[in-house]
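Notes follow once the structure below has been shown.
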Amino acid sequence: MKKLFLAICFCLGSGLALAETTELSSIDELRARESQAPLNAEEIVDPRIPSGENKAEMDAFIKERLKTVPITKLDENEDLNNLKSVDVQHSAEYINMLKENNKSTFEKIYDNALKRLSGTDTAADPNQPYDDVYYYINDQPSVEEQKKQWEAPDFPVVNVELPNGAQTLVPAREHIPYLFSKIEIMPNGLVGINETITVIANGEKLKNGLSRVLPKYSVSRLNEKHKIDFSLLSVTINGQEVSYKAEEIGDKIVLKPKDVFTLQPGIYTYNFAYLIDRQLWSYDDFNEFYWDVTGSSWNLVITNAGASVSFPGTQNPISQNIFIGYPGQLTSENAFVAKGEDNTLGFVSKVPLFIGEGMHIIVALPKNELLVPNFSKRFSWFISDYGDVLFALFGFTAILISYIISWRYISAGRSKLKTGMRRTAPMLRYMIKGVFDKISFTAYLLELFRKNIIDIQESENEILLIKKTDNLASLERRERKALANLFPGKEAVIKVNKQTQLKFKRAFKLIEKNTLKSFKNVSLKLSAGYLFFSVGMLLLAEAAIALLAVNFWQIFSIELACSITMAFYIWILQLKFRSALFGWFSKIFALLIILFSLMMLSVYINPISALILLAMIYIIFAYTEIFAKRSGLMKNNIKDAISFRDYLIDNAQTLSLGRDFYSQQANIFALEISSKYPENPNIKENYRLNEAEKLAHML
């Protein structure tokens, strides 16, 4: 739209050139004017008829013509004044001229169209390329394809009654024989548009009905750009209301049927009624309205296009202009402007508009004929222009501030958040020491001993693990898999030596993953409140941005899909891969997908807003990772683990007297306080700390 508007302004030059202007008493005369024969038209006669001054020449001419008479009683003695004696057949040239004179406006337009396509019309430049045209929905057929469609002399025709009441014969091919747009400029700057469009459908391009493309932005002479406000009022087909929806595609608004249906071949009259705001631009000395009546978007030929523009006030417009054609090839030669009553202007294209051609009208109005926008309206315009950036910034700021305040609160030790967790021996050690090592793994084996799943024994300076049961229902999936690595098949005994190191290594990795996963799950539960708040702010910002669009659910679903995609690949970037090459490939691929999602999002919302949404997603990941660390939200659980260690130390003498030692033996070993629990007769049967020390040393 920007380039198109600049092209129009360039054609205008320093002043506003007027198109041909004709005074009319009403806009109805504008639509009928081209179909009326000129009052001073000369009678069409056969050019081969003699003047009549030479009687012999006239008799010879008549006798020659009578040779082609199909029915005649004429002989040499017959009187030529007897009208019943002959049935005269006019010459082919004369008949063609009569047909030409009796053609309707639309038939003349099609003849003009065929001349333009075949290159016989000097007004069209056949060497001018047609592929560099303005945006339209479907791919534009080549000039050769258009020729094949329109220059065949025997194409079928149908009789069409146009909305203005006229009946005419038009080709039975898919096209738009009639388009008229009634535009009303209101005192407050709103513009009401009512478009009547007749289409001939045969199931080729109009399979699912007619879609209307409108500009999403308006551009001024000074290259300023803002988003128009659009409201769809109604759409009817042959007088029946049909549900339509508005969707944003790039810099366009597309009106399309809400429900998919098949448009049967036939003749249909569409009516689009909608309101737009911010299509008028205010300059120092005048207000200006610009509109592309046809939209330069349909992949159909428009044979007759026109528009009327009514405006408030009593003063005449300063200027009115119409340009038709492709961008860079705009001209007002084949169009005219008519001035009607009650401050109404009419605009008509004298020639059909081919695919990609537009009909552009510009009306300059006196400065004092429109109301000055009040504060409320200017504020709504400001929100329309910058609201998406403001809403995105608001969400970003809310997330950032909440995390900063939360982190300071946690660092000061005032957070009381903690959650229940499986107090396993490896988890206690990871809480206090921050590591998973051989002692952690051996402590896990002591837990299996407590659960009566295995036994740990020493025989001839060798440590043996003996499997006591196959009932592993109390174990998690990775724990069962680790035990299967230690005791594959039906094996029930394993020695701790160099030959079995690989089995222990595999089991070690599985228990390590299980412990770290449990730690992350606990931290995730603790940070759930902060995570829900941040995700909620992200969704709230996206919903607020989508509310500014013409179709909330379309934009919101696009934002949500892009956000989920970017979040997933940000998570991929944080993963660690065993293979460095695969890791680099995965991360490069993830970066490309994130950039692609960002570009897709920028098509529908402001690119700055898209960047801010990406930053919000990254901050959610970054702060959640920080909170998951031992110095974050796990701080209270770590304090509990340290307190439990102190409890085991302070009550070592009491716990060594009974079964409490048996249940806490794995924790005692994991927390490296075995020295506080020497072997004694009360716990001798279940005492395995010595074996555990040797086992950990041998791993």
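Rundown of residues vs (1) of a type in the set (A, V, I, L, M); (2) on the phi > 0 side of the Ramachandran plot, yes/no style:
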position: Tyr270; (1), (2): no, no
position: Ala273; (1), (2): yes, no
position: Arg278; (1), (2): no, yes
position: Asp284; (1), (2): no, no
position: Glu288; (1), (2): no, no
position: Thr294; (1), (2): no, no
position: Ser297; (1), (2): no, no
position: Thr303; (1), (2): no, no
position: Ala307; (1), (2): yes, no
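For region 209-224, check the following and say yes or no: at least one residue is in contact with a helix residue (DSSP H, G or I) (Cβ under 6 Å, 6 or more places away or on another chain) and touching a residue at least 12 places away in the same chain (Cβ under 8 Å). Full working, then the answer.
Filtering region 209-224 down to residues in contact with a helix residue (DSSP H, G or I) (Cβ under 6 Å, 6 or more places away or on another chain) leaves 219, 221.
From the residues that got through so far, the ones that are touching a residue at least 12 places away in the same chain (Cβ under 8 Å) too are 219, 221.
So far as region 209-224 goes, yes, one or more of its residues are in contact with a helix residue (DSSP H, G or I) (Cβ under 6 Å, 6 or more places away or on another chain) and touching a residue at least 12 places away in the same chain (Cβ under 8 Å).
Starting from region 354-373, take each residue that is farther than 14 Å from Trp281 by Cα and in contact (Cβ under 8 Å) with a residue 40 or more places away in the chain and list its partners that are among the basic types (Lys, Arg) and open to solvent by 10 Å² or more (accessible area, probe 1.4 Å), counting only C-beta distances under 8 angstrom and pairs at least six apart or across chains.
Phe354/Arg116
Inside region 676-699, can you point out the residues that are touching a Gly at 6+ places or on another chain (Cβ under 9 Å) and of a type in the set (S, T, N, Q)? Steps first, answer last, please.
Taking region 676-699 and keeping what is touching a Gly at 6+ places or on another chain (Cβ under 9 Å), we get 682-683.
Of everything in region 676-699, just one residue is touching a Gly at 6+ places or on another chain (Cβ under 9 Å) and of a type in the set (S, T, N, Q), namely Asn682.
Look through region 184-196, keep the residues that are open to solvent by less than 10 Å² (accessible area, probe 1.4 Å) and out of contact with any Lys or Arg (no Cβ under 8 Å at 6 or more places or on another chain), and return whichever of them is nearest to Leu371 (Cα to Cα).
This residue is Ile185.
Being part of a loop (DSSP other than H, G, I, E, B) and open to solvent by less than 40 Å² (accessible area, probe 1.4 Å) is the filter here; which residues of region 314-326 pass it? Please lay out each step first, then the result.
Here is the first cut: in region 314-326, the residues part of a loop (DSSP other than H, G, I, E, B) are 314-318, 326.
Residues satisfying the conditions are Pro317, Tyr326.
Restricting attention to region 482-533, and to residues there that are farther than 24 Å from Thr424 by Cα and under 39 Å from the mean Cα position of the chain (by Cα), which single residue is surrounded by the most Cβ atoms within 10 Å (Cβ to Cβ)?
Tyr530
Please determine, by comparing only the residues of region 344-353 that are in contact (Cβ under 8 Å) with a residue 40 or more places away in the chain and part of a strand (DSSP E or B), which one is nearest to the chain's Cα centre (by Cα).
Leu353
Being in a loop (DSSP other than H, G, I, E, B), open to solvent by 50 Å² or more (accessible area, probe 1.4 Å) and touching a residue at least 24 places away in the same chain (Cβ under 8 Å) is the filter here, so list the residues in region 240-269 that pass it. Walk me through how you get there before you give the answer.
The first filter runs over region 240-269 and keeps only residues in a loop (DSSP other than H, G, I, E, B), leaving 242-243, 250-251, 258-265.
From the residues that got through so far, the ones that are open to solvent by 50 Å² or more (accessible area, probe 1.4 Å) too are 243, 251, 258-262, 264-265.
Passing the criteria: Asp251, Val260, Phe261, Thr262, Gln264, Pro265.
Strands (runs of 3 or more DSSP E) wholly in region 415-500 with at least 1 residues that are hydroxyl-bearing (Ser, Thr, Tyr) - which ones?
Details: elements: 454-459, 462-467, 493-495.
Once the strands (runs of 3 or more DSSP E) in region 415-500 are filtered for at least 1 residues that are hydroxyl-bearing (Ser, Thr, Tyr), what remains is 454-459.
Identify the single condition in (1) loosely packed, with under 15 Cβ neighbours inside 10 Å; (2) in contact with a helix residue (DSSP H, G or I) (Cβ under 7 Å, 6 or more places away or on another chain); (3) farther than 26 Å from Lys520 by Cβ that Ile612 does not satisfy, given that it satisfies every other one.
All conditions pass for Ile612, except number (1).
Could you check region 543-571 and list, in sequence order, the residues that are of a type in the set (Val, Ile, Thr) and either without any contact (Cβ under 8 Å) to a residue 12 or more places away in the chain or open to solvent by less than 30 Å² (accessible area, probe 1.4 Å) (or both)?
Keep residues of region 543-571 that are of a type in the set (Val, Ile, Thr), which gives 545, 550, 555, 558, 564-565, 570.
Matches in region 543-571: Ile545, Ile555, Ile564, Ile570.
Does Gln574 satisfy being open to solvent by 30 Å² or more (accessible area, probe 1.4 Å) and in contact (Cβ under 8 Å) with a residue 40 or more places away in the chain?
On the way: open to solvent by 30 Å² or more (accessible area, probe 1.4 Å): yes; in contact (Cβ under 8 Å) with a residue 40 or more places away in the chain: yes.
Spelling it out, Gln574 is indeed open to solvent by 30 Å² or more (accessible area, probe 1.4 Å) and in contact (Cβ under 8 Å) with a residue 40 or more places away in the chain.
How many residues are in a helix (DSSP H, G or I), open to solvent by less than 20 Å² (accessible area, probe 1.4 Å) and either modelled with pLDDT under 85 or of a type outside the set (Gly, Ala, Ser) (or both) if we restrict to region 642-693?
Looking only at that region, the number is 8.
Only residues that are hydroxyl-bearing (Ser, Thr, Tyr) and in a loop (DSSP other than H, G, I, E, B): list them for region 292-313, please.
First, pick out the residues of region 292-313 that are hydroxyl-bearing (Ser, Thr, Tyr): 294, 296-297, 303, 308, 310.
Hits for region 292-313 are Thr294, Ser296, Ser297, Thr303.
Of the numbered conditions (1) over 25 Å from Gln279 (Cβ atoms); (2) surrounded by 14 or more Cβ atoms within 10 Å (Cβ to Cβ); (3) in contact (Cβ under 8 Å) with a residue 40 or more places away in the chain, Gly203 satisfies every one except a single condition; which is it?
The failed condition is (2).
Would you mind stating whether Leu263 is of a type outside the set (Gly, Ala, Ser) and touching a strand residue (DSSP E or B) at 6+ places or on another chain (Cβ under 6 Å)?
Working: of a type outside the set (Gly, Ala, Ser): yes; touching a strand residue (DSSP E or B) at 6+ places or on another chain (Cβ under 6 Å): yes.
In short, yes.
Of a type in the set (Gly, Ala, Ser) and surrounded by 15 or more Cβ atoms within 10 Å (Cβ to Cβ): does that describe Ala622? Give the steps one after another, and end with the answer.
Numbers: of a type in the set (Gly, Ala, Ser): yes; surrounded by 15 or more Cβ atoms within 10 Å (Cβ to Cβ): no.
It is false that Ala622 is of a type in the set (Gly, Ala, Ser) and surrounded by 15 or more Cβ atoms within 10 Å (Cβ to Cβ).
The values are calculated or read from the model by the stated rules, or taken from the named source; none is laboratory data. This structure is a prediction, so every number in the text was calculated from the model and none was measured. Because the Cβ atoms are built from the backbone with ideal geometry, glycine has one as well, and the counts that use them run over all protein chains shown. Surface accessibility is based on the protein's heavy atoms, side chains included, excluding ligands, DNA and RNA. Shrake-Rupley method; radii C 1.70, N 1.55, O 1.52, S 1.80 Å.
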